[in-house]
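One structure below.
The values are calculated or read from the model by the stated rules, or taken from the named source; none is laboratory data. Given the structure is predicted, the values throughout are model-derived calculations rather than measurements. Neighbour counts run over all protein chains shown; Cβ positions are idealised from the backbone, glycine included.
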């Protein structure tokens, strides 16, 4: 079986891609703006004060080698609304990541941070955090991932949308069919771009280039003679046969994917919205529980310190109360020590003898009373 020019061009250049513009994918209700806004009422019950006030309080906890808890950072993140709070929140997340409490990072913190990025179109800050999982460790969940994809697709920033899609693949977030198609659509739209506009993550781009070179190298290195008996060529030929047998649609791939998204949009949005609303309720209750436990822990720590101080005071009072009762005992102990010093001449060491001779003399003096009371 030979490799036809038509098939080679198909492999090299890819299928037809759409250059059409995408309209808005997600509905307005999917944003859950009102539901997300309700967090302020729940946070108000915790009596944390104003947003700027609480952010400053959490920052102070990190001063001088101190540390804030995960719920402290979470409350600061979820309280934040203004653009001038972005850098402060990113810094708090960074500092929490570098403490032993890093594993306690709450999912509501991750969600709140990405909502804040979206609200203020903070593209650079968003990808600064997303591209540095070691120092931040903050990832979008299903609902916020859909919002991010929609945001960048609508802005025609397909490299950014493709980057979000690649993160979903790395995190193995394949449980929602609707989000899968949105991610796939983002990747296809990225592939539609001219080569000079396909600016993507360096590592991914290098990998794509390597695969392309390897494919072209395999095609060029196929032996002209005896290749019908070559096992690798048979496998490659089988793939080519399937490609040639597949019906070629004149409709661009991105349009096909978009039509599929439209088919499952209502059901997909409903599922993600229900899951996220459930998470909102869980996060609110979880935050209250953590704050209560944290307050109890602080109170217990203070109580322990009070008990220690009280024990020390009681011990001192006891010594004072029993001073005269124990006076005779202390005087006897002091007299006994004076007698030992006098008998062993501990305070009159002869400078003319060596350390070993001095030790031998002291041992003999100490052993002599024992010999006297030992029966023969």
Single condition residue 292 does not satisfy, out of (1) over 22 Å from the mean Cα position of the chain (by Cα); (2) within 30 Å of residue 180 (Cα to Cα); (3) surrounded by 11 or more Cβ atoms within 10 Å (Cβ to Cβ):
(2)
Test: residue in the stretch 38-45 that is surrounded by 18 or more Cβ atoms within 10 Å (Cβ to Cβ) and at pLDDT below 90
yes
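With the structure loaded, tell me whether residue 11 is within 30 Å of residue 182 (Cβ to Cβ), outside the structural domain of residue 102 (by TED's automatic domain parsing) and modelled with pLDDT under 90 or whether it fails that test. First the steps, then the outcome.
Details: within 30 Å of residue 182 (Cβ to Cβ): yes; outside the structural domain of residue 102 (by TED's automatic domain parsing): yes; modelled with pLDDT under 90: yes.
Spelling it out, residue 11 is indeed within 30 Å of residue 182 (Cβ to Cβ), outside the structural domain of residue 102 (by TED's automatic domain parsing) and modelled with pLDDT under 90.
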When you go through (1) in a helix (DSSP H, G or I); (2) at pLDDT 95 or above; (3) in contact with a helix residue (DSSP H, G or I) (Cβ under 7 Å, 6 or more places away or on another chain) one by one for residue 140, which number turns out not to apply?
(1)
Hey, residue 162 hits all of (1) part of a loop (DSSP other than H, G, I, E, B); (2) surrounded by 17 or more Cβ atoms within 10 Å (Cβ to Cβ); (3) at pLDDT below 95 but one; which does it fall short on?
(1)
Name the residues in the stretch 112-132 that are within 12 Å of the chain's Cα centre (by Cα) and surrounded by 14 or more Cβ atoms within 10 Å (Cβ to Cβ), would you?
129, 130
